[in-house]
Every structure is written in C-alpha cells, then in structure tokens.
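The values are calculated or read from the model by the stated rules, or taken from the named source; none is laboratory data. Computed from a prediction, not measured in an experiment: that's the story for all the values here. Here the Cβ positions follow ideal geometry from the backbone for every residue, glycine too, while neighbour counts run over all protein chains shown. Ligands, DNA and RNA are excluded from the accessible area calculation, which covers all protein heavy atoms including side chains. Shrake-Rupley method; radii C 1.70, N 1.55, O 1.52, S 1.80 Å.
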Amino acid sequence: MTPDTHDQYAPESSLNPRGEFGDVFDFIVCGSGSSGSVVAARLAEDGTASVLLLEAGGDDAAETVSNPAQWPLNLGTSRDWGFVGQPAPGLNGRRLPLSMGKGLGGGSSINVLVWARGHKGDWDHFAAEAGDDAWGYQSILGYYRRIENWQGAPDPARRGVGGPAYVAQPQVPQPVAEAMLRAASTIGIPVYDSPNGEMMEGPGGASIAELRIRDGKRESVFGSYVRPLLSQPNLTVLTDALVT
Ligand SMILES: Cc1cc2nc3c(=O)[nH]c(=O)nc-3n(C[C@H](O)[C@H](O)[C@H](O)COP(=O)(O)OP(=O)(O)OC[C@H]3O[C@@H](n4cnc5c(N)ncnc54)[C@H](O)[C@@H]3O)c2cc1C
C-alpha cells in the first residue's frame, strides 16, 4: 500500500488522528472481512500488541449495509469486487457473477445475513479425515457457543449467549417462509424452532433461518469484533488501503 492512498477509519473520537500512528506494528492484518476482523480483534483485545488492519474497500456507513432487506443493492457496486466466473458451456457461455464484499466487514457487510452452523455429521467427518477430534462436533460446539449471543429460546447445551455475535430470528418472517414450513410438515419433514440447535444433529428438517441482526440492523463481523475495540490506541484501521 502507499500511505497517500488510504483513509484512516476514525469514527467519533477514538482513533489516533490520521498520520500519528507509528510506522511499526506487531501485526498487520490484510482485509477486514469475516476472518480478518476476528484475527485483528483477537490480537488487539488485551492491549499488549499493536495491530494494523488494512482494508482495500471503504467504510460500512450505508443504509444498504445496515438495512438487512437492502442487501442485494450492494451487488455490482463499489462494495463488491465484482468478480465473474469463466464462461460456462452449460449456461450458453454466460459468466456468472461471483460477488465478494469490499469494505469494512467484507462479505459480512453485504451478505444475506444467514447464520447457518455446520452439521454434526460434517464436523465429525472433518475430524475423521484429519484424525483430530478438535475438528469434531463436540469440540466445535464449544466454539459456536463462545461466539454466539443467541437471542432466541434458551438451549444452553447448544447455544451461547455471552459471545460477540448477535444471532436472532426475524420478528416477522415472510409469509412464504411460514408456508414453506407448513408444506414441509405435510410431507413429513420435521419442523424445528431453530436450524442451528437440535436440527444440526439430526437427519434433517426445516426451520426459519437465523440472522446476524441486532435491533433489526445488520451486525457484520467487523461490527461484532473490531468496532467495540476502536477506542484502543493499539488498534489502527485503515480503509481504501489496497495491499499489493
Ligand atoms: C452476496 C453474498 C451473500 C452471502 N450470504 C451469506 C449468508 O447468508 N451466510 C453466510 O454465512 N455467508 C454468506 N456469504 C459468504 C460470506 O459472507 C463469506 O464466506 C465470508 O464473508 C468470507 O470471509 P473471508 O474473511 O474469507 O472473506 P471476506 O469477508 O470477503 O473478507 C475479505 C476482505 O479482504 C479485503 N481485501 C481483499 N483483498 C485485499 C487487498 N489486497 N488489500 C486489502 N484488503 C483486501 C476485502 O475487501 C474484504 O473486506 C455470502 C457472500 C456474498 C458475497
């Protein structure tokens, strides 16, 4: 990156004014998307290491980011890298869009907000393939519970309530979603209150999707992990900072 082409993300009062951060950091994290936000926050949280988080895109201050219903409006804009696939013979040579988030939060700022945990069978398969129980469902369940701040019916064996990631069900699901559940039930597919609890351990089922929303607004991974730490002097976030 070149120092002249970036903007320091400085919400409210908290960050060092532009230009006052040092040249040397203990850690530089490239990309403030789902994974980069967690890595930067975990490195910075205890205040001992200096961390620079670089993001090629801009900030996340937009109604199209915060309003869950507007998620499609980000596609094909400056918040989307705009990748396209190779021409596909099966699609008469068309190239399908392969959207990827660009800006604070990365994909978690433009995605469909669905919180879908992995199935027990998948995790246990990963563990078997890796020969390492740490990848197994019982192990991963501990991480899920630590990550989540689940807002629905208590399920302490499976769901977490003290974590950084708000997860909630839509207050008023679309009528078509309710109809889908009734249809599933009539053909013998079990209907669950949640897709991420008991259903993720069984042979299958139907449920209303859970979302990464807080008070009706999107909560990106950047919002869950990095934003709460922005007042810490050891964490610097730069937007419009393309790493080359
Ligand atoms: C339209 C859409 C809908 C989706 N819906 C869902 C959903 O409902 N539920 C779900 O779980 N997942 C969904 N996903 C997928 C999910 O958002 C991604 O899997 C996830 O965000 C990937 O995380 P990541 O950290 O690997 O990458 P990203 O979140 O994409 O983060 C990468 C970050 O790095 C930045 N970056 C890249 N190159 C550079 C560079 N050279 N210099 C500086 N910064 C750089 C990018 O701008 C971006 O901010 C969706 C994705 C899209 C695009």
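In the range 209-225, of all residues being assigned to a loop (DSSP other than H, G, I, E, B) and surrounded by fewer than 20 Cβ atoms within 10 Å (Cβ to Cβ), the one that is nearest to the ligand (Cβ to nearest atom) corresponds to A209.
Count of the range 176-189 residues, restricted to those that are closer than 21 Å to A69 by Cα and open to solvent by 100 Å² or more (accessible area, probe 1.4 Å), is 2.
Residues in the range 50-96 that are assigned to a strand (DSSP E or B) and either more than 14 Å from the ligand (Cβ to nearest atom) or surrounded by 15 or more Cβ atoms within 10 Å (Cβ to Cβ) (or both): 7 in all. Scanning the range 190-208 for residues that are surrounded by 12 or more Cβ atoms within 10 Å (Cβ to Cβ) and out of contact with any helix residue (DSSP H, G or I) (no Cβ under 7 Å at 6 or more places or on another chain) yields P190, D193, S194, P195, N196, G197, E198, M199, G202.
Take W115 and decide whether it is open to solvent by 60 Å² or more (accessible area, probe 1.4 Å), under 26 Å from I147 (Cα atoms) and either touching a helix residue (DSSP H, G or I) at 6+ places or on another chain (Cβ under 9 Å) or aromatic (F, W, Y) (or both). It would help to see each step written out before you state the result.
Working: open to solvent by 60 Å² or more (accessible area, probe 1.4 Å): no; under 26 Å from I147 (Cα atoms): yes; either touching a helix residue (DSSP H, G or I) at 6+ places or on another chain (Cβ under 9 Å) or aromatic (F, W, Y) (or both): yes.
When the stated conditions are applied, W115 does not pass them.
Checking each residue in the range 1-51 for being modelled with pLDDT of 95 or more and at positive phi picks out G31, G47. Inside the range 157-175, residues that are open to solvent by less than 40 Å² (accessible area, probe 1.4 Å) and either among the small types (G, A, S) or touching a strand residue (DSSP E or B) at 6+ places or on another chain (Cβ under 9 Å) (or both) make up a count of 7. A Cβ distance below 6 Å, combined with a sequence gap of six or more or placement on separate chains, defines the contacts here; from the range 180-201, residues that are assigned by TED's automatic domain parsing to the domain that holds D155 and free of Cβ contacts under 8 Å to residues at least 24 places away in the same chain reach residues that are open to solvent by less than 70 Å² (accessible area, probe 1.4 Å) and in a loop (DSSP other than H, G, I, E, B) in the pairs P190/G205; Y192/G205; Y192/S207; M199/Y192; M199/G205; M199/S207.
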